[in-house]
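The values are calculated or read from the model by the stated rules, or taken from the named source; none is laboratory data. The structure presented is a predicted model; accordingly, all values stated were derived computationally and were not measured. Here the Cβ positions follow ideal geometry from the backbone for every residue, glycine too, while neighbour counts run over all protein chains shown. These area figures cover heavy atoms from the full protein model, side chains too; ligands, DNA and RNA do not enter into them. Shrake-Rupley method; radii C 1.70, N 1.55, O 1.52, S 1.80 Å.
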Amino acid sequence: MSDHAPLLLRHHRPFLAFWCARIFTASGFQMLTVAIGWHLYQLTGNVLDLGLVGLVEFAPRVLFMLHTGHVADRYDRRRVAALCQFAQALIALALVVGSSTHSVTRELIFVLAFLLGSARSFEMPATQALLPNVVPSALFPRAVAASASAMQSATIVAPALGGFLYAFGSVWVYGPTVVLYVIACCLTLRLSAARQPANRSRASLESLLAGIRFIRSRPDVLGAVSLDLFAVLLGGATALLPVFAKDILLTGPWGLGLLRSAPAVGALLMSVWLARFPIERRVGRVMFTAVGVFGVATIAFGLSTSFWFSLGVLAVLGAADMISMVIRSAFVQLETPDEMRGRVSAVNGLFIGASNQLGEFESGVTAHWFGTVPAVVLGGVGTLVVTGVWIKLFPTLAGRDHMHTQKKG
């Protein structure tokens, strides 16, 4: 592992700028999400609106999925990402002005939430496709883990900071997010110019569907992406945390906050470990094992009646999910030609978003039908079943030794 050190030092400046931009963007979004949710609930007092605003933010991923990938593959990815970050700064600025003049309405929040989701839909594939141009392929798995640590750090700290600042007024949250997005925009633009994407064709149905066709043509890539979709779809229990905190573990809002943070803490610690000690062999076996641990941890959480044991299990769940995510992200990006990375990232992003959003919906429905504890336990069992089925369906992925296969002579 020490032979990576010179290369890491040689490329640390551009990656440091990329990493900081991710920190600022993710923190801005987390703070904005907390403030928007609280602001909306203050305005309407309707719990359903909180669910609707999440769906409004997710809708652009579906509506623009094919176009977001094409844009990332046709234009300078730095400028695409920076433009999206600047657009998010303008959205936060609109909320600053609206809050200062007491003109924020339910309808305005929904419109801004849709615009926020649109900007993030274009930013995500451009940013993911940009990372392989920032670091060499030998360091890419390590860079993915370090980049993920930025997201997890923001997930832990930013929501709490946003909630604290909101106590002084909504402007105190919206204002700093403008600054965070502007800094992220500047850092992204300062990245050295990477090689231009080879794809310069105009958008067409053929080119827009190319990302989907590419994934379907690569069984290992399809297996890795779909494994995450179905495993998280069945195993996600975060939507039910308020029920566990209040009725099963018998804690207050402080307990709910700790339960929500626990997976991110486990994921952050694991991402730091993987950044230092990247997984280089038996990646298929490790990925499937991590998904299996995710399922077992989900079952253990569902059966737990101890608050502290539940925290520990959720941390293990987050760590296992991070291992799977790092391997999948690095593998998919390294197996994808540079001119296709934007479109493939867009499809992958839709799968991730769908698994999270639909997973929450699935958890709510099964909890309504069978009860909260059985719903979580059944979800964990479902994750284990999916893991076993996917090992049979994608044997070459399960037996994969290295992250990528491009060196053949």
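For region 112-130, filtered to residues that are more than 28 Å from Phe331 (Cβ to Cβ) and small (Gly, Ala, Ser), the residue that is least open to solvent (accessible area, probe 1.4 Å) is Ala113. Going by the structure shown, is Phe58 crowded, with 19+ Cβ neighbours inside 10 Å and at pLDDT 80 or above? The answer is no for Phe58. Being at pLDDT below 90, more than 23 Å from Ser271 (Cα to Cα), open to solvent by less than 60 Å² (accessible area, probe 1.4 Å) and over 18 Å from the mean Cα position of the chain (by Cα): is that true of Ala5 here? So Ala5 fails the test.
Residue-wise test of (1) out of contact with any helix residue (DSSP H, G or I) (no Cβ under 9 Å at 6 or more places or on another chain); (2) of a type in the set (Gly, Ala, Ser); (3) farther than 29 Å from Leu209 by Cα.
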site	(1), (2), (3)
Ala59	no, yes, no
Asp73	no, no, no
Met124	no, no, no
Ala129	no, yes, no
Val144	no, no, no
Ala150	no, yes, yes
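Only one entry in Thr336, Thr383, Thr405, Thr396 is β-branched (Val, Ile, Thr), modelled with pLDDT of 70 or more and surrounded by fewer than 19 Cβ atoms within 10 Å (Cβ to Cβ), namely Thr396. In region 31-43 there is no residue matching the filter, namely being modelled with pLDDT of 75 or more, within 15 Å of Ala81 (Cα to Cα) and open to solvent by less than 50 Å² (accessible area, probe 1.4 Å).
Quick one: would you say Leu187 is in contact with a helix residue (DSSP H, G or I) (Cβ under 6 Å, 6 or more places away or on another chain), modelled with pLDDT of 75 or more, surrounded by fewer than 21 Cβ atoms within 10 Å (Cβ to Cβ) and in a helix (DSSP H, G or I)? Show your work before the answer.
On the way: in contact with a helix residue (DSSP H, G or I) (Cβ under 6 Å, 6 or more places away or on another chain): yes; modelled with pLDDT of 75 or more: yes; surrounded by fewer than 21 Cβ atoms within 10 Å (Cβ to Cβ): no; in a helix (DSSP H, G or I): yes.
Judged against the criteria, Leu187 is not a match.
Residues in region 94-111 that are open to solvent by less than 80 Å² (accessible area, probe 1.4 Å) and either among the charged types (D, E, K, R) or touching a residue at least 60 places away in the same chain (Cβ under 8 Å) (or both): Leu95, Val96, Ser99, Ser100, Val104, Thr105, Ile109.
State whether one or more residues within region 212-219 are assigned to a loop (DSSP other than H, G, I, E, B) and at pLDDT 85 or above. Scanning region 212-219, I find no residue that is assigned to a loop (DSSP other than H, G, I, E, B) and at pLDDT 85 or above, so the answer is no. Could you count how many residues in region 269-307 are closer than 24 Å to Ile156 by Cα, part of a helix (DSSP H, G or I) and open to solvent by 40 Å² or more (accessible area, probe 1.4 Å)? Here the count works out to 7.
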